[in-house]
Amino acid sequence: MDKLQIVTSFFIMVLTSVSSAQVRPFGTGVISNQNIGILSNPSTVFPSNTPYGVFGTSTTWGACDHPNNLLPNYNYDIYIPPTYDGTEPYGLITFINSGNNGGLIGQWIPVLDAKKIILIAGDNIGNSIPVNTRIGVAWAAVHRMKELLNIDTNRIYTSGNSGGARTASALAYIYSE
């Protein structure tokens, strides 16, 4: 192999590996107060398999706006492990706080890093916000992050604290998929 073939092969390998990685629109680490934009494909959000879907009618919680009406109005606190480069799917956890801040818990960072999990937590969706909106903001974020990052769809979780934990358990029941 001559030098030109070696250099050409090297550049092809580099370009191939770069093109196979998914773009990181936010970088990595702690990202605070970030708007994640609207869904590119709004049909990715499906009605619930229960009678309590927040994007339709519900006698329990009421109806919630379409995700693309929610997403532009809410910001998120996000944690993306520094090892994320888009070539490997990472898990995702949406966190619902009882307070109005997103609620990144510093003690979770080593676990998120070790288990390769991205965290997203909506700001201003604390206990004073209607449950259907809190669920809608968290569920819409899951679908938007699936569009933006390489997410392992078998490792999507929800969590919260206090009233956020109750909301997260309702989200898990209503949208178990």
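Assorted remarks:
- Contact order, relative form, for the stretch 65-177: 35 percent (alpha carbon pairs under 8 Å, 6 or more residues apart, mean separation divided by residue count).
- Residues ASN69 and SER43, FRET efficiency given R0 of 22 Å [Cβ-Cβ distance, rounded to 0.05]: 0.90
- Ordering of 147-157, 113-123 by packing [mean C-beta count within 10 Å, highest first]: 113-123, 147-157
- Amide hydrogen neighbours beyond the local backbone of ILE96, cut-off 5 Å, H modeled: SER159, GLY160, ASN161
- Within the stretch 75-137, antiparallel bridges make up roughly 45 percent of the DSSP beta bridges whose residues both belong there.
- Here the contact order of the stretch 60-122, divided by its residue count and restricted to Cα pairs under 8 Å and six or more residues apart, works out to 44 percent.
- In percent, rounded to a whole number, the relative contact order of the stretch 121-177 is 34, using alpha-carbon pairs under 8 Å and six or more apart.
- Percentage, to the nearest whole number, of Cα pairs in the stretch 64-177 over 25 Å apart: 14
FYI, it's all coordinate maths here, none of it is from the lab. Just so you know, these numbers come straight off a predicted model, no measurement behind them. In this analysis, Cβ positions are derived from the backbone assuming ideal geometry, glycine residues included, and neighbour counts consider all displayed protein chains.
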